[in-house]
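I have placed the structure first, in the form of structure tokens, so that the comments after it can refer back to it.
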Amino acid sequence: MAQPGFNEKVKLNVADVFDQSCMIYQAFEDKHHFFASLALKLAESIDLKPNTMVLDVGCGNGISAQVLNKHFSCRVLGVDLSEKMVQAGRLLCDSPEVRLEVGDGENLAPVIGNNVFDYVLYNASIFIFPDVERTIREAAGCLRTGGKIAFSFYPAFTGEAGEDILVTAFERLGEPAPRFRVITDYDKACRSLSLHCDAVTAHEWVLPLDIEFLQDFFSIPAQSASLFPGKDYETRRKLVRRLFETLADVADHSAIVWRMAEGTKP
Ligand SMILES: C[S@@+](CC[C@H](N)C(=O)[O-])C[C@H]1O[C@@H](n2cnc3c(N)ncnc32)[C@H](O)[C@@H]1O
């Protein structure tokens, strides 16, 4: 049997870690309503029109898909690598206008068929794709002319002078900072967007640095793996608590910056 290449291995690992994240992901969302708020913020930032067709790539358990349906009456097709996230989402979704399917966002054809969309959105998912150029190319392929591709991105953590305070937190904890926090960085995702879209525009959502929120967010197994790769979950969870405690004295002057970008198909 052929061995999976690097990108395929990354995706198998992503599917596995999100399968494991399912329950804690939903518990986090029940407490913070965060992914729903982020999806709304992304939709508002790009002036998403109601009653449109949306492809939600990396839909997880359908939180973003449901929000777009409830608030904008969109018909949404969600695609995600993780079977468990999709199964959980099907139980949560109560609208016939939301459909969630297991599939690879870098190989959309088997899931979307001949459908044409007004928007392709990635809410907190694009930074996990190893071949970002391919997923954006595929997204552009199923978008109508004038349609938009948009994403919200892994957060930046900035101190008073704009410095990266996660670096400070790792120094204070005495643990090595991860070499990479994401699989695909923001600039690369934006470059891919500009290969297939015009009018690429960036947006930001700046929130105060909330230590409890960050401890809960990074206690989701998939998120903690981005900070402490290679360690078991229980160890990661304990380290996450201590990591963000180190920032107590600077929290009032620091921010969590959620970056977003959009582009329009010419
Ligand atoms: C942080 S979750 C976001 C889920 C959802 N958009 C939301 O707002 O709740 C990221 C999701 O991206 C999915 N994902 C990552 N790479 C993917 C790929 N190549 N194709 C499809 N889904 C992918 C993961 O399985 C995970 O469920």
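List of remarks:
- Filter result (surrounded by fewer than 21 Cβ atoms within 10 Å (Cβ to Cβ), touching a residue at least 40 places away in the same chain (Cβ under 8 Å) and touching a helix residue (DSSP H, G or I) at 6+ places or on another chain (Cβ under 9 Å)) within segment 39-60: K49, T52
- Residue check, V132 closer than 20 Å to V14 by Cα, out of contact with any Lys or Arg (no Cβ under 7 Å at 6 or more places or on another chain), aliphatic (A, V, I, L, M) and within 12 Å of the ligand (Cβ to nearest atom): no
- Scanning segment 209-225 for residues that are touching a Ser or Thr at 6+ places or on another chain (Cβ under 7 Å) and within 15 Å of D19 (Cα to Cα) returns I220, P221, A222.
- Evaluation of W205 against (1) within 16 Å of the ligand (Cβ to nearest atom); (2) exposed (fewer than 15 other Cβ atoms within 10 Å of the Cβ); (3) under 21 Å from A39 (Cβ atoms) (one fails), failing number: (2)
- Qualifying residue in segment 87-98 (condition: among the hydrophobic types (A, V, I, L, M, F, W, C), closer than 28 Å to E133 by Cβ, within 19 Å of the chain's Cα centre (by Cα) and within 12 Å of the ligand (Cβ to nearest atom)): no
- Some residue of segment 120-138 being of a type in the set (S, T, Y), surrounded by 18 or more Cβ atoms within 10 Å (Cβ to Cβ), assigned to a helix (DSSP H, G or I) and touching a residue at least 12 places away in the same chain (Cβ under 8 Å): yes
- For segment 61-74, filtering for residues that are of a type outside the set (A, V, I, L, M, F, W, C), buried (at least 19 other Cβ atoms within 10 Å of the Cβ) and not in a helix (DSSP H, G or I) leaves 2.
Any read-out appearing in this document is the output of simple, stated calculations on the displayed coordinates, not a laboratory observation. No experiment lies behind these values; they were computed from the predicted model shown. Note: ideal-geometry Cβ built from the backbone for every residue, glycine included; neighbour counts use all protein chains shown.
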